[in-house]
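The values are calculated or read from the model by the stated rules, or taken from the named source; none is laboratory data. Computed from a prediction, not measured in an experiment: that's the story for all the values here. Here Cβ is always computed from backbone atoms with ideal geometry, including for glycine, and neighbour counts include all displayed protein chains.
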Amino acid sequence: MHAGIIFFLVVLGSILFHIFTPWYWTDIASNWGSMDDTITLTFWVGGVVFITVCLFMIYCVFKFSYKEERRAEYKPEDNKLEKILTIATTLGVIALLAPGLIIWNQFVNVPKNAIEIDVMAWQWGWQYRLPGEDGKLGNTKVVNINDNNPFGIILDDPNGKDDVLIQSEEINLQNNRPVKILLRSVDVLHNWYVPQFRAKMDAVPGVVTFYWFEPNKVGEYEVLCAEYCGVGHYAMRGSVLVKDEQDYKNWLQEQETFSELVAKQKKIEFSETKLAKK
Amino acid sequence: MSENYNDNKIIQAQSSETVSAGGSGATPDIDYVRPAEVLEQDLYHGHSFITKWVFCQDAKVIGIQYFLLATFTGIIGLILSWLMRLQLGYPELAGFMTAEHYYQFVTMHGMIMVVYFLTALFLGGFGNYLIPLMTGARDMVFPYVNMVSFWMFFVAVMVLMASFFVPGGPTGAGWTLYPPQAILEGTPGSGMGIILMLVSLVLFVIGFTMGGLNYLITVLQSRTRGMTLMRLPLSVWGIFTATILAMLAFPALLVGGLMLVLDTILGTSFFMPTILKAGEVLEYGGGSPILFQHLFWFFGHPEVYIVALPAFGIVSDLISVHARKNIFGYRMMVWAIVAIGGLSFFVWAHHMYVSGMNPWFGFFFASTTLIIAVPTAMKVYNWILTLWRGNIRMNVVMLWCLGFILTFVNGGITGLFLGNVTVDVPLSDTYFVIAHFHMVMGIAPLMVIMGAVYHWFPLVSGRMLSEKLGKWHFWVTFLGAYSIYFPMHYLGFIGVPRRYFEMYDSPYVTSAVGMNEFISMAAFLVGAAQFILIYNIIKSLKTGKLAGKNPWKANSLEWFTPTVPPEHGNWGNKLPIVYRWPYDYSVPGAKEDFIPQTTPPSKVSDTEVEKT
């Protein structure tokens, strides 16, 4: 069999695989449908280039396979052709890049009404903190973390007192309400990733990183750690429940705030006096 | 071999070929070549087995030493990949494997394949063998340093292998070695394993710098008369540019590695912030884990091109010889190599879009990354345009080249997904990334290596490799490797994260089990197929068809040594003189379909040569 036929079957097989594959992206459950659109666009542009280049190559090996008496063409350069190809490629690249950058601009600009969520990661687990009625999260410090202050909240910070603490790997989110995920880690790199939401970002010890999305489908989703974090990496899971507004509010009311925790444990005190002096 | 050519240290200006140029000058001599400006190199000739084959200063022997040792590490890397695939495809059969083992295998596989296999093979192996021969030099300019370079590499490999046997085993930090986890408990090999890995890398960089200086200065200073830069074969251009990249990129790895060693041993905090582990605050503070990532990828991305550029160069030469046609757009090809090399230093953070660095970087690095696609695409066009109206020999070498084009275009296009920051976000850290980089910097360069082995084996050994075995080797490798990595992209679309020892029962990936089994079967098969090549080489060394001189009817200098295989000093008594570029194939009016670089214009005066 001519080698060109096999190469052709490889290209054809790739196209058919793409059309009929049962393995494709998991149904989206956030606002980042535009990311899927850029993937589709890249597939079209890239796919057309891949198929064209390969078919051209296959045509050549059929048409110009070796014959003793024939001579190849002698044409070292063709400036015009090279120029056309350069320009066409540049245009193709711009067509891919421009939408990508526009969507990236949305990705880095968080909507004002987004609820901030503190996602705290360690080897190997997650826990979460939501702002209380003031809508603000208190500042934290790694060295403050202990059994009495599981999130390391700075006691002087009045914003922290009403923070809602969720010492569980499971978090609830309100449907159709943007969230700003604030990531921090107490030990190594982690990454809070829900495939259905598309977006992800590393949690880096020493800094707070962020990203945002808006869940738009009620349901339960699995959280995966997407940045290698040692031997328990593959087992570092969590879950997200996306609920309608009322269900979400009911759940939120049942959660404990930081001042409730402090009152219950009676082991630490807020330094009210210090604040008063300020 | 002639050992006395050094005795005739003629300053070439006085030799007969050039005397006529200074003559009365009524008709300018069309064969005129500028005289040599320096004396010929003194070479040390080995006299014993040790000096000829072990501590040898002949670049060709050093090249083969590099090749063999890199292949040895490559086979270790291959076996590790089998073990990983066993766990991923058939975990019930891999009961002996713990998560610690799995992460150690992943790490060692990655580091071995990228640095100790591909880099050493392309630059140390092909670089040493081909640069002096293709440029018409007798040897590398610093043969002794070149020898030391190989032995540093040898020690680096030994240190790396030793890490398999230390308490705690080799590091399992992932090949990117990201701190803090790389040096903290919770990652396998966080004690001796990581230290040995870093020491080995430092040794590799030192050894490689010795070799790299040789490659650069040999190309710049030791070319024979008439071999202008724009007459160099693209193989040399590729290796030369890759070496410049390596000289600039490896120092970043070196300092990153040294600082990480200090963080491990002395408890410094270059990359270590305040860390709480098992309820206790460690004695670190103030360091930046992201700084390490910048250093690592400032090395790591050019590293991709350190592997790719030699492959680009070599495949251009192979395609041209076996399509019996000049490489299309030689100048564009040279400038594309240089441009890709330059741009490769401005794209590193595209590995870090979701690393937590300032997200505004995304705009810059997405733009630079997609710009690099333009010169890369030009190279692809020129390869296929070289096939256009060629006279293509469909032999094993050409098959590997075609396999390269297909896999490289495929892997290049998935690079457009990952380079374009928005598209990267959902795909980053998933199997899409694994599929992409194996296709583009694993399989594609491997195709070139294999093509190059079949192409140059006759020069190295004097015998041909079996075409029949070669075709089996190619088809199993190509079809198998493609069926490993093409479907793997779709696991990434599902969202399957990389570096997972086990998926458990994640609801949306249970459908991937069948694909994982298939991929593992293909991986076992492709790995096994490589032993066809080893068998082919051993068999052909003894019984292969004698190659004779220039069996492929190629133009470049390496095929025109007085003896085949070439001996120490390469050129016998007299250095070759170069009159043209190496791509004069099928020139109209010429008797044969190739005009070697050493053929003076007066001998082919009735041909229509366009470019010299």
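A few points about this structure:
- Members of the stretch B:225-247 that are β-branched (V, I, T) and either free of Cβ contacts under 8 Å to residues at least 40 places away in the same chain or surrounded by fewer than 22 Cβ atoms within 10 Å (Cβ to Cβ) (or both): B:T228, B:I244
- Test: B:Y116 is aromatic (F, W, Y), within 19 Å of the chain's Cα centre (by Cα) and either surrounded by 24 or more Cβ atoms within 10 Å (Cβ to Cβ) or closer than 25 Å to A:L189 by Cα (or both): yes
- Filter pass, B:T18 being at pLDDT 50 or above and under 24 Å from B:V604 (Cα atoms): no
- Residue list for the stretch A:20-61, restricted to those being hydrophobic (A, V, I, L, M, F, W, C), over 15 Å from the mean Cα position of the chain (by Cα) and outside any helix (DSSP H, G or I): A:W23
- Filter result for B:A173 (part of a helix (DSSP H, G or I) and either of a type in the set (G, A, S) or under 17 Å from the mean Cα position of the chain (by Cα) (or both)): no
- B:F105 being within 20 Å of B:A311 (Cβ to Cβ) and at pLDDT 95 or above: no
- One residue stands out among those in the stretch A:107-139 that are part of a loop (DSSP other than H, G, I, E, B) and within 14 Å of chain B (Cβ to nearest Cβ): the one that is surrounded by the most Cβ atoms within 10 Å (Cβ to Cβ), which is A:Q123.
- Residues of the stretch B:459-507 classified as polar (S, T, N, Q) and either surrounded by 22 or more Cβ atoms within 10 Å (Cβ to Cβ) or closer than 24 Å to B:G63 by Cβ (or both), total: 3
- For the stretch B:78-93, the set of residues classified as within 14 Å of another protein chain (Cβ to nearest Cβ) and surrounded by fewer than 20 Cβ atoms within 10 Å (Cβ to Cβ) consists of B:P91 only.
- When restricted to residues that are under 27 Å from B:F105 (Cα atoms) and in contact with a Ser or Thr (Cβ under 9 Å, 6 or more places away or on another chain), the stretch B:47-65 contains 0.
- The set of residues from the stretch B:469-518 being assigned to a helix (DSSP H, G or I) and of a type in the set (D, E, K, R) comprises B:K471, B:E517.
- Residue ID - nearest to the chain's Cα centre (by Cα), chosen from residues in the stretch B:62-79 that are closer than 18 Å to B:A528 by Cα and of a type in the set (V, I, T): B:T71
- Qualifying residue in the stretch A:79-92 (condition: touching a residue at least 24 places away in the same chain (Cβ under 8 Å), on the phi < 0 side of the Ramachandran plot and either more than 8 Å from every other protein chain (Cβ to nearest Cβ) or part of a helix (DSSP H, G or I) (or both)): yes
- On the stretch given as the stretch A:199-213, residues that are in contact with a Ser or Thr (Cβ under 6 Å, 6 or more places away or on another chain) and among the charged types (D, E, K, R) total 1.
- So B:G300, is it surrounded by fewer than 23 Cβ atoms within 10 Å (Cβ to Cβ), closer than 27 Å to B:T171 by Cβ and touching a residue at least 60 places away in the same chain (Cβ under 8 Å): yes
- Residue in the stretch A:64-76 that is in a helix (DSSP H, G or I) and either more than 8 Å from chain B (Cβ to nearest Cβ) or more than 36 Å from the chain's Cα centre (by Cα) (or both) present: no
- Hey, A:R177 of a type in the set (K, R) and part of a strand (DSSP E or B) or not: no
- Complete set of residues in the stretch B:265-297 that are in contact with a Ser or Thr (Cβ under 8 Å, 6 or more places away or on another chain), crowded, with 18+ Cβ neighbours inside 10 Å and among the β-branched types (V, I, T): B:I290
- Enumeration of residues in the stretch B:593-606 that are under 20 Å from B:A323 (Cα atoms) and either in contact (Cβ under 8 Å) with a residue 60 or more places away in the chain or surrounded by fewer than 17 Cβ atoms within 10 Å (Cβ to Cβ) (or both): B:D593, B:F594, B:Q597
- From the options B:V448, B:V409, residue that is of a type in the set (V, I, T), more than 9 Å from chain A (Cβ to nearest Cβ) and surrounded by 24 or more Cβ atoms within 10 Å (Cβ to Cβ): B:V448
- Scan of the stretch B:354-365 for residues that are facing chain A (nearest Cβ under 9 Å), in contact (Cβ under 8 Å) with a residue 24 or more places away in the chain and not aliphatic (A, V, I, L, M), ordered by number: B:S355, B:G356, B:G362, B:F363
- Counting only helices (runs of 4 or more DSSP H) that sit wholly inside the stretch B:354-440, those with at least 1 residues that are out of contact with any helix residue (DSSP H, G or I) (no Cβ under 7 Å at 6 or more places or on another chain) are B:361-387, B:431-438.
- Filter result for the condition that a residue is of a type in the set (F, W, Y), over 16 Å from B:I384 (Cα atoms) and without any contact (Cβ under 8 Å) to a residue 12 or more places away in the chain, over A:W32, A:W23: A:W23
- Any hit, the stretch B:181-194, residues being closer than 22 Å to A:W124 by Cα, without any contact (Cβ under 8 Å) to a residue 40 or more places away in the chain and assigned to a helix (DSSP H, G or I): yes
- Looking only at the stretch A:184-213, and only at residues there that are part of a strand (DSSP E or B) and of a type in the set (S, T, N, Q), the one that is nearest to the other protein chains (Cβ to nearest Cβ): A:T209
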